[in-house]
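Enquirer: Have a look at this one before I ask anything.
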Amino acid sequence: MKKILVVEDESVIRMVLKILLKEKGHMVHEASNGEIALSLVEKNQFDLILMDLHMPVMSGYKTIKTLREKKMDMFVVAITASMTEEDKNEALELGFDDCILKNFDDNFNNQIDQFLGRALPG
Ligand SMILES: [Mg+2]
């Protein structure tokens, strides 16, 4: 069981992610914006963070920048509705470890397993 934080302002998408991840036996925490995510990260050790880019109060862009400035090196994946090569490069430059599209298809579980594998220390 892994501890995963889902940061997403749309409650329906948070719910879908929560269901998919819980089905795989993971423990899921939720935040509806980056500010809430930052406060959760202060108190918890997450194996993986999935983070929307566009959110009110504090966006994913601002949040990842803040995390990396604080030298917090947990594995953080951007989740986005659409992604050009340029968008992806920008996200990686800001400090995201990877990006996935919000289509959550059959490949989703494989992607999560792959992220968790890459997130392991050492
Ligand atoms: Mg959003």
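Enquirer: I'd like to verify a number: residues in segment 1-13 that are of a type outside the set (A, V, I, L, M) and assigned to a helix (DSSP H, G or I), how many?
Expert: As a first pass, look at segment 1-13 and keep what is of a type outside the set (A, V, I, L, M): 2-3, 8-11.
Those left that are additionally assigned to a helix (DSSP H, G or I): 11.
Matching residues across segment 1-13 total 1.
Enquirer: Just checking, does segment 61-70 include any residue being within 12 Å of the chain's Cα centre (by Cα), β-branched (Val, Ile, Thr) and within 16 Å of the ligand (Cβ to nearest atom)?
Expert: First, pick out the residues of segment 61-70 that are within 12 Å of the chain's Cα centre (by Cα): 61, 63-64.
Now narrow it down to the ones that are β-branched (Val, Ile, Thr): 63-64.
Restricting the remaining residues to those that are within 16 Å of the ligand (Cβ to nearest atom) gives 63-64.
Yes, there is a match, as at least one residue in segment 61-70 is within 12 Å of the chain's Cα centre (by Cα), β-branched (Val, Ile, Thr) and within 16 Å of the ligand (Cβ to nearest atom).
Enquirer: Could you tell me which of the residues ASP97, ASP105 is charged (D, E, K, R), surrounded by 17 or more Cβ atoms within 10 Å (Cβ to Cβ) and closer than 18 Å to LEU21 by Cβ?
Expert: Details: ASP105 fails: surrounded by 17 or more Cβ atoms within 10 Å (Cβ to Cβ).
Exactly one residue qualifies, and that residue is ASP97.
Enquirer: Condition test on LEU50, is it under 18 Å from LYS2 (Cα atoms), in contact with a helix residue (DSSP H, G or I) (Cβ under 9 Å, 6 or more places away or on another chain) and modelled with pLDDT of 95 or more?
Expert: On the way: under 18 Å from LYS2 (Cα atoms): yes; in contact with a helix residue (DSSP H, G or I) (Cβ under 9 Å, 6 or more places away or on another chain): yes; modelled with pLDDT of 95 or more: yes.
The answer is yes for LEU50.
Enquirer: Let me ask something else. Looking at segment 47-60, I want the residues that are free of Cβ contacts under 8 Å to residues at least 40 places away in the same chain and have a partner that is assigned to a strand (DSSP E or B) and not charged (D, E, K, R) with Cβ atoms under 7 Å, at least 6 apart or on another chain. Which pairs are those?
Expert: LEU53/ALA78; LEU53/THR80
Enquirer: Just to be sure I understand, how many residues within segment 102-115 are part of a helix (DSSP H, G or I) and closer than 18 Å to ILE13 by Cβ?
Expert: Our first condition is that a residue be part of a helix (DSSP H, G or I); within segment 102-115, this holds for 108-115.
In the following step, the residues that additionally are closer than 18 Å to ILE13 by Cβ were identified as 108-109, 111-112, 115.
Number satisfying all stated conditions: 5.
Enquirer: Still on this structure, please answer the following. Consider only pairs whose beta carbons are under 7 Å apart and that are at least six residues apart or on different chains; among these, list those whose first residue lies in segment 1-27 and is more than 13 Å from the ligand (Cβ to nearest atom) and whose second residue is among the small types (Gly, Ala, Ser).
Expert: Close Cβ pairs satisfying both conditions: MET1/GLY25; LEU5/ALA31; LEU5/ALA37.
Enquirer: Filter segment 59-79 for residues that are surrounded by fewer than 19 Cβ atoms within 10 Å (Cβ to Cβ) and among the hydroxyl-bearing types (Ser, Thr, Tyr) and give the result.
Expert: Once the filter is applied, which keeps residues that are surrounded by fewer than 19 Cβ atoms within 10 Å (Cβ to Cβ) and among the hydroxyl-bearing types (Ser, Thr, Tyr), segment 59-79 yields SER59, THR66.
Enquirer: Scan segment 10-28 and tell me whether some residue there is crowded, with 20+ Cβ neighbours inside 10 Å and either of a type in the set (Lys, Arg) or closer than 14 Å to GLY60 by Cα (or both).
Expert: Taking segment 10-28 and keeping what is crowded, with 20+ Cβ neighbours inside 10 Å, we get 17, 21.
Checking which are either of a type in the set (Lys, Arg) or closer than 14 Å to GLY60 by Cα (or both) leaves us with none.
Within segment 10-28, none of the residues are crowded, with 20+ Cβ neighbours inside 10 Å and either of a type in the set (Lys, Arg) or closer than 14 Å to GLY60 by Cα (or both).
Enquirer: Could you go through segment 111-121 and let me know if any residue there is surrounded by fewer than 14 Cβ atoms within 10 Å (Cβ to Cβ), closer than 22 Å to VAL16 by Cβ and in contact with a Lys or Arg (Cβ under 8 Å, 6 or more places away or on another chain).
Expert: Filtering segment 111-121 down to residues surrounded by fewer than 14 Cβ atoms within 10 Å (Cβ to Cβ) leaves 113-114, 117-118, 120-121.
Keeping just the survivors that are closer than 22 Å to VAL16 by Cβ gives 113-114.
Subset that is in contact with a Lys or Arg (Cβ under 8 Å, 6 or more places away or on another chain): none.
No, that holds for no residue.
The values are calculated or read from the model by the stated rules, or taken from the named source; none is laboratory data. Predicted, not measured: the structure shown is a model, and the values here were computed from it. Here Cβ is always computed from backbone atoms with ideal geometry, including for glycine, and neighbour counts include all displayed protein chains.
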